[in-house]
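Accompanying notes for the structure given below.
The values are calculated or read from the model by the stated rules, or taken from the named source; none is laboratory data. Just so you know, these numbers come straight off a predicted model, no measurement behind them. Here Cβ is always computed from backbone atoms with ideal geometry, including for glycine, and neighbour counts include all displayed protein chains. Calculation scope for accessible area: heavy atoms of the full protein, side chains included, ligands and nucleic acids excluded. Shrake-Rupley method; radii C 1.70, N 1.55, O 1.52, S 1.80 Å.
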Amino acid sequence: MKTDLPTQQSPSLADLNFDNRFVRELPADQNYSNHVRQVERACFSYVQPTPVVAPQLVAYSHEVATLLDLDQPTCESDLFVQVFAGNQLSPGMEPYACCYGGHQFGNWAGQLGDGRAINLGEIVNHLGARWALQLKGAGPTPYSRRADGLAVLRSSVREFLCSEAMHHLGVPTTRALSLILTGEQVTRDMFYDGHPKQEPGAVVCRVAPSFTRFGSFQIFTSRNEIDQLRQLVDYTICTDFSHLGEPSVVVYLKWFEEICRKTAAMIVHWMRVGFVHGVMNTDNMSILGLTIDYGPYGWLEDYNPDWTPNTTDAQGRRYRFGNQPQIALWNLAQLANAIYPLIEQTEPLEEALQLYGFCYKQGWQEMMAQKLGLKQFEPEYDLPLTAELEKVLLLVETDMTIFYRKLADLDLVDGQDNDNLLAPLLDAYYQPEELTEKNKQQICDWLRTYLKRVGQDGHRNVERRQQMNAVNPKYVLRNYLAQIAIDKSEAGDHSLVNDLLQVMRDPYAEQPENEEFAQKRPDWARHRAGCSMLSCSS
Ligand code: AMP
Ligand code: MG
């Protein structure tokens with residue numbers, strides 16, 4: 001191991017129990033210099049974070065700190081800031097960057113790798129849980145290609161807040177421990193249109209059981225490095241899928257099936273909360289079915305399956321909201337190709353891919369039943385019911401989050417006219433005055449069919465409301481809210497980052513004092529950069 005940075009003792013940080021199994025058991029790059037190159041027959045390269053001039057803590061997640069056995073005074077200490085900005089190593093840390101490849105926008109892109117992520121090691125906490133720590137934006141690595149290895153505050157706020165918001169929403173995700181300003185400026189051309197700007201640099205410390213991606217396997221197969229492929233597959237099974245048993249062809253297949261199931265479950269959650277990842281390249285697909293790599297993601301405001309926040313994808317809209325289930329399947333098929341050399345049978349791999357379709361359909365139906373407050377999804381009634389709902393949501397601009405939340409408040413009252421029936425939902429419409437009588441009739445026809453279905457289902461209204469409010473969030477990290485927090489943070493006021501973190505801790509609760517964070521997108525944000533338009537530049 002190569003360690004250039006000083007190490008220093010502090011009661012809690014020094015007591016962290018590092019057990020760096022990844023670097024101990026997997027093949028390392030034998031070249032220790034930090035220059036851009038193709039790295040063959042290795043899972044990772046040892047590399048040091050680049051020190052920064054004036055690190056400053058913006059925010060940290062005390063929940064993630066607890067996972068790592070870190071207490072509040074430690075997180076608020078200067079040493080914490082130094083360590084998680086990459087200026088200093090804690091005892092036991094062995095920094096490295098991973099090698100992986102990937103398909104970007106449907107095309108094989110060759111070696112990608114951790115171009116600006118540097119792993120610090122793995123902590124085994126007092127409960128025996130294993131957590132890998134990774135700094136994003138901590139300087140160049142052998143995988144940085146033509147880029148600088150850095151991250152700006154804007155994208156770091158987005159990654160930090162969204163990781164934690166997704167966790168509290170019950171969506172599988174990588175986590176974020178800390179958000180630290182580096183005190184240095186970074187140049188970015190946000191829309192790649194010849195307008196570079198200086199922006200504040202930042203580092204986020206991400207935390208997950210593993211950061212292995214589909215592309216981590218693809219890179220080996222693409223180079224015909226089958227021994228290394230087997231090593232990484234066996235390692236992944238032994239560490240993160242040990243319940244499947246000792247690696248063998250049968251276990252490889254069970255493993256792939258489980259990845260298909262987990263990926264389907266993750267996508268169902270995205271569809272439930274209205275999350276659009278924005279860059280579902282195979283290097284951004286976690287082998288654990290976690291949401292990973294928060295870049296130009298976005299949250300549906302008005303319900304629109306064709307929407308993508310990513311301007312880089314504006315032409316083909318490959319990663320639009322409604323296409324995410326298909327893209328996950330396409331990505332799983334690439335993973336199947338990657339592990340094929342270990343299995344050498346296509347049929348069981350194809351069956352597993354079909355299992356994905358089955359799990360997704362099943363999961364989606366259960367999720368929709370939950371969202372609508374039904375005991376269970378009865379295809380006979382609920383396929384037409386949900387198909388018509390989709391049409392109703394598309395009639396005029398309808399805020400998805402507010403619509404589902406308010407739907408729980410509706411009651412079936414005999415003889416109620418359209419305006420009265422619709423009243424509790426009006427807040428969900430961006431231009432309620434644009435609703436024509438014909439629109440209102442179509443919406444109310446659906447509402448009456450829905451309420452009749454609810455009545456037949458036999459749920460009491462209180463129970464239905466509880467069920468619905470437990471899966472239909474009141475608070476999501478609305479695109480414009482994150483942008484306001486970024487604007488303030490760039491001006492030196494980090495309070496909104498911390499306020500949003502706090503609100504997103506309890507997204508299903510009413511929180512009357514935080515009503516302002518549940519408001520639909522204001523008009524100024526409709527076409528503003530960062531609110532509705534994002535790019536891969538971060
Ligand atoms: P992404 O689209 O963010 O998932 O990134 C794709 C690839 O580009 C990954 O290998 C990243 O590590 C790398 N990358 C993205 N931004 C940078 C950067 N600023 N410096 C170095 N590598 C980067
Ligand atoms: Mg990525």
(request) Consider a paramagnetic label point 7 Å from the Cα of residue 66 along Cα→Cβ; state which residues of region 470-511 have an amide N under 16 Å from it. (result) 502-507
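What shape does region 363-521 take by its C-alpha gyration tensor, where a ≥ b ≥ c are the square roots of the eigenvalues and a/c under 1.5 counts as rounded, a/b above b/c as prolate, and the rest as oblate?
Since a/c reaches 1.5 and a/b is larger than b/c, the shape of region 363-521 is classed as prolate.
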(request) List the relative contact order of the chain as a percent without decimals, with contacts defined as Cα pairs under 8 Å and 6+ residues apart. (result) 14 percent
(request) Give me the orientation-averaged projected area of the Cα convex hull of the chain, in nm², one decimal. (result) 25.3 nm²
(message) Please report, ordered by residue number, every helix of the chain (full DSSP H runs) that is 18 Å or longer along its axis going by C-alpha atoms and whose mean Kyte-Doolittle hydropathy reaches 0.0.
(response) 249-273, 324-343, 379-395
(message) Suppose we keep just the alpha-carbon trace of region 374-458; what are its Rg and Dmax in angstrom?
(response) 12.5, 35
(message) What translational diffusion coefficient, to the nearest whole µm²/s, does region 415-478 have by Stokes-Einstein, given a Kirkwood radius computed over alpha-carbon pairs, a temperature of 37 °C and 0.692 mPa s viscosity?
(response) 241 µm²/s
(request) Taking only protein heavy atoms into account and a 1.4 Å probe, give the accessible area per residue of the chain in Å². (result) 39 Å²
(message) Students often get this wrong, so check it: of 391/452; 371/391; 262/375; 488/520; 254/474, which have C-alpha atoms separated by over 28 Å?
(response) 254/474
(message) Starting from the 7 Å offset along Cα-to-Cβ, what nm value, one decimal, do you get for the label separation of residue 439 and residue 18?
(response) 5.8 nm
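Assuming R0 = 30 Å, what is the FRET efficiency of residue 238 and residue 346, from their Cβ-Cβ distance, to the nearest 0.05?
0.70
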(request) Would you please state which residues of region 361-395 a label at residue 317 would reach in this model, taking the label point 7 Å out along Cα→Cβ and a backbone N cut-off of under 16 Å? (result) 391, 393-395
(request) Please give the net charge around residue 19, taking every other residue with its beta carbon less than 15 angstrom from that of residue 19, where Lys and Arg add +1 and Asp and Glu add -1. (result) -3
(request) Just flag the chymotrypsin sites (Phe, Trp or Tyr not before Pro) in region 307-411 sitting in loop per DSSP whose Cβ has no more than 10 other Cβ atoms within 10 Å. (result) none
(message) Could you tell me which residue out of 132, 195, 57 lies farthest along the dipole of region 13-215 toward its positive end? Charges go on the beta carbon: Lys and Arg +1, Asp and Glu -1, centred on the Cα centre.
(response) 195
(request) Count the DSSP beta bridges whose two residues both fall in the chain, then state the antiparallel fraction as a percent rounded to the nearest 5. (result) 90 percent
(message) Using the crude model of +1 on Lys and Arg Cβ and -1 on Asp and Glu Cβ, and no other charge, please compute the dipole size for the chain relative to its Cα centre, in debye to 20.
(response) 720 debye
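Could you give the longest part of the chain that holds none of the trypsin sites (Lys or Arg not before Pro) found in DSSP loops with at most 16 neighbouring Cβ atoms within 10 Å?
42-144
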